[in-house]
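Q: One structure, pasted below without further comment.
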Amino acid sequence: MSTDLPTPTAAPPPGALTFKAPKRGKAPKHLADLDVAERREWAAELGQQKFRADQLSRHYFERLVVDPEEMTDLPAATRGDIAGVMLPELLTPFAPSPRTVATPSSRCTNCTTAPWSKRS
């Protein structure tokens, strides 16, 4: 049994189901996607010395640093550029509003979906 579904022409309204995934672009190239030799070649393609890839790798993988200002062993004039290209932001940070999360200890008085919330 097959079901013919209509092709959506616009974004569905909030809460409506859609069965066709939207086309998304490819993620940007990132330092973590490459092995050591590929990182060095990429740094050379960007006009940097190959050892800059090693320095950037140490910051990213060992020190867990992504802020270029904290990478003081990279030249100040180029650290923002090289870090911006080789360490692009892959995810957009999301901070939910206080009303979107309800837990038993939150004592949310405006929550209607949580069984433990009590409305006065």
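No lab work stands behind these numbers, since they all come straight from the coordinates. Small disclaimer: the values here were computed from a predicted structure and weren't measured. Please note: Cβ atoms are built from the backbone with ideal geometry, for glycine as well, and neighbour counts cover all protein chains shown.
Q: Here are the criteria: (1) free of Cβ contacts under 8 Å to residues at least 40 places away in the same chain; (2) surrounded by 11 or more Cβ atoms within 10 Å (Cβ to Cβ); (3) not in a loop (DSSP other than H, G, I, E, B). Tell me which single one Trp42 does not satisfy.
A: Trp42 satisfies every listed condition except (1).
Q: Restricting the first residue to segment 82-94 and requiring it to be within 14 Å of Ala27 (Cβ to Cβ) and in contact (Cβ under 8 Å) with a residue 24 or more places away in the chain, which pairs with a second residue that is of a type in the set (Ser, Thr, Tyr) and surrounded by fewer than 20 Cβ atoms within 10 Å (Cβ to Cβ) meet a Cβ separation below 8 Å and a spacing of at least six or different chains?
A: Sorted first by the residue in segment 82-94, then by its partner, the pairs are Leu87/Tyr60.
Q: From the list Leu64, Leu74, Leu17, which residue is free of Cβ contacts under 8 Å to residues at least 40 places away in the same chain, closer than 18 Å to Leu91 by Cβ and either part of a loop (DSSP other than H, G, I, E, B) or in contact with a His (Cβ under 9 Å, 6 or more places away or on another chain) (or both)?
A: Leu64
Q: Quick check on my filter: what residues within segment 84-94 are assigned to a helix (DSSP H, G or I) and either farther than 18 Å from Glu45 by Cβ or touching a His at 6+ places or on another chain (Cβ under 8 Å) (or both)?
A: The one that is assigned to a helix (DSSP H, G or I) and either farther than 18 Å from Glu45 by Cβ or touching a His at 6+ places or on another chain (Cβ under 8 Å) (or both): Met86.
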